[in-house]
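Values quoted throughout were computed directly from the atomic coordinates according to the rules given, and no laboratory measurement underlies them. Just so it is clear, the model here is predicted, and its values are computed rather than measured. Note that we place each Cβ from the backbone using ideal geometry, even for glycine, and neighbour counts take in every protein chain shown.
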Ligand code: GAR
């Protein structure tokens, strides 16, 4: 039963536990508050009072689970869950990607901590899903994250990607509508950008245009920031135009560079910004008309 729930809700073991706890605590809170409301209205929970109680708890329940989900870090799951329940009640179809849905391919070469945040954020989203995870590195940690979320993966060959068909037929067959780069170290060919109508987004761990370009990834970026004596660093999320770390910017956020920083401590501060902002920025980008 738990395995089926995990697959249905596209959650990890830990998330499944937190989601079930949210249902349990939210339900108890709802019952408790429902009785309080009945008490305040001087109504007994019997006879006609049962009907009133049912209306009260029906209205309170979504608020209670959302409040608990915030505390347990499951807000995006329950937001999607309640939206689907609402759509079902109104007789709208839910489930796989509908005509207005966005189906993302995440491209990543490394551990994929950003990719994992994106998978979690969209796991139960009503209009956006992650359809495939692509990597040029068969040992990349991101592939394990994809496996845990039940997302198909594709290992690509560098030459075919850069000078061949860029795996466009494969991505089209998977119904991909936009590409998200999350620590992907190869330059994205123009063919791919054109096929997706420019819907290719990248994140960079510095304030572009400074400290970007070929070879600027991981600790090299933070070492460059420290070597220049910059007072601040940050993240840049931008559309991809065929050059490394280049294209119209969608979002940026800054953080301080401390006198005591080394590349490791600065990287950690910047990565926290990335984890906080990448998925919400992608959501805004795709859903803002
Ligand atoms: C991230 O910091 C991302 O900004 C960077 O690779 C890291 C991947 O980390 N991308 C670039 O440097 C692009 N030039 P992750 O695998 O833990 O998500």
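DSSP beta bridges confined to the chain are antiparallel in about 40 percent of cases.
Averaging 1/r across all pairs of distinct Cα atoms in the chain and inverting the result yields a Kirkwood radius of 21.2 Å. Between residue 139 and residue 174, the modelled labels are 2.3 nm apart [label points 7 Å from Cα along Cα→Cβ]. In percent, rounded to a whole number, the relative contact order of the chain is 13, using alpha-carbon pairs under 8 Å and six or more apart. Sticking with the crude label model, points 7 Å out along Cα→Cβ, report the distance from residue 58 to residue 32 in nm, one decimal please. If labels sit at residue 58 and residue 32, their model points lie 2.5 nm apart. Counting every other Cβ atom within 10 Å of each residue's Cβ, 274, 283, 223, 44 order from fewest to most as 44, 223, 283, 274. Under the criterion of Cα pairs below 8 Å and six or more residues apart, the relative contact order for the stretch 1-140 equals 22 percent. Label sites at residue 258 and residue 239, each approximated as a point 7 angstrom past Cα along Cα to Cβ, lie 3.8 nm apart. Axis of helix 13-40 versus longest Cα principal axis of the chain: the two differ by about 40°, to the nearest ten degrees. Compute the Cα gyration tensor for the stretch 209-288, then decide on rounded, prolate or oblate, letting a ≥ b ≥ c be the square roots of its eigenvalues: rounded whenever a/c is under 1.5, prolate when a/b is larger than b/c in the other cases, and oblate in all that remain. Verdict is oblate for the stretch 209-288.
Using only Cα atoms, find the angle between the long axis of helix 113-122 and the longest principal axis of the chain, and express it within 0 to 90 degrees, rounded to the nearest 10. On a 0 to 90 degree scale, this one is about 40. Angle of helix 48-71 to the longest C-alpha principal axis of the chain, folded into 0 to 90 degrees and rounded to 10: 20°. When you count the other C-beta atoms within 10 angstrom of each residue and take the mean per peptide, 152-164, 113-125 line up highest first as 113-125, 152-164. The alpha carbon gyration tensor of the stretch 95-170 gives principal lengths a ≥ b ≥ c with a/c of 1.5 or higher and a/b no greater than b/c, which makes the shape oblate. Per-residue Cβ neighbour counts within 10 Å put 281, 254, 236 in the sequence 254, 281, 236, beginning with the fewest.
Between residue 231 and residue 44, take the C-beta separation as r, use R0 = 51 Å, and let me know the FRET efficiency to the nearest 0.05. Computed FRET efficiency for residue 231 and residue 44: 0.20. All alpha carbon pair distances within the stretch 111-155 were sorted into 5 Å bins beginning at 0; the resulting P(r) in whole percents reads 5, 25, 36, 22, 8, 3, 0.
Extension gain, residue 86-residue 111: 0.36 nm per intervening residue step, less the Cα-Cα distance, totals 5.4 nm. With neighbour counts taken as other beta-carbon atoms within 10 Å, the residues 128, 235 rank, fewest first, as 128, 235.
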